[in-house]
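Novice: The structure that follows is given in the form of structure tokens.
The values are calculated or read from the model by the stated rules, or taken from the named source; none is laboratory data. Predicted model only: the values in this text are computed from it and were never measured. Note that each Cβ is placed from the backbone with ideal geometry, even for glycine, and that neighbours are counted across all protein chains shown.
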Amino acid sequence: MIFLKRYALPLACAMTVMLTACATKDERRVPTPLVDIKPVLTVEQAWKASVGKAGRYLFSPVAVGDAIYAAGANGTVAKVDAKTGQDVWRTKLKDDLSAGVGSDGNLTAVGGLKGNVYVLGPDGKQLWTATAPGEIISPPLVGNDVVIVRTIDGKVIALTPRPANRSGSFKRAPCRSTCVWLPA
């Protein structure tokens, strides 16, 4: 009986407050009505090209000047005219690819599953290859006759067909965002 006298009134008040709170309409939770969207620009597909599927990898095309460079996991690399969608050149490499494509308009590079880096010339013909110490996981960066790739173990490697003083690799230091130079 003492329990009822001591706790009944506060419990009844608390339940009344809770029920009242649940019954009131919370204006903060009312969604704003949707408005009609009026298109400002109409977009049409100008052309379409395919270089094969990406598989489990991410392949993004690269635009350089009036050309689009693209690659597929099956080893196909293409340069496409951005205005017409027609192939300027198309090359099928002997290996499957895990990364690509990087281009500066002169050199085009892609990375293979086994660390192979293929560098193609302005005509799509293979100029040279190099082997990195691991799978290439990001599109190569190309410029000034140097191809820079990143491998699965965190190494960033600069490749060039020139003498060894122009190439080397970087290894990311643990727990830092800086790179340490490792001579080739």
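Novice: Residues that are touching a strand residue (DSSP E or B) at 6+ places or on another chain (Cβ under 9 Å) and more than 19 Å from Thr131 (Cα to Cα): find the strands (runs of 3 or more DSSP E) completely inside region 34-114 holding 2 or more of those.
Specialist: Passing ranges, in order: 62-64, 67-71, 76-81, 87-92.
Novice: Which number in (1) among the basic types (Lys, Arg); (2) modelled with pLDDT under 85; (3) surrounded by 10 or more Cβ atoms within 10 Å (Cβ to Cβ) marks the one condition that Arg56 misses?
Specialist: All conditions are met except number (3).
Novice: Which fully enclosed strands (runs of 3 or more DSSP E) of region 134-184 have 3 or more residues being modelled with pLDDT of 50 or more?
Specialist: The qualifying strands (runs of 3 or more DSSP E) are 141-143, 146-150, 155-159.
Novice: Restricting to region 43-53, name every residue that is among the β-branched types (Val, Ile, Thr) and exposed (fewer than 13 other Cβ atoms within 10 Å of the Cβ).
Specialist: Listed by number, the list holds a single entry, Val43.
Novice: Can you tell me how many residues within region 66-121 are surrounded by fewer than 23 Cβ atoms within 10 Å (Cβ to Cβ), small (Gly, Ala, Ser) and either in contact (Cβ under 8 Å) with a residue 60 or more places away in the chain or over 18 Å from Gly143 (Cα atoms) (or both)?
Specialist: 7
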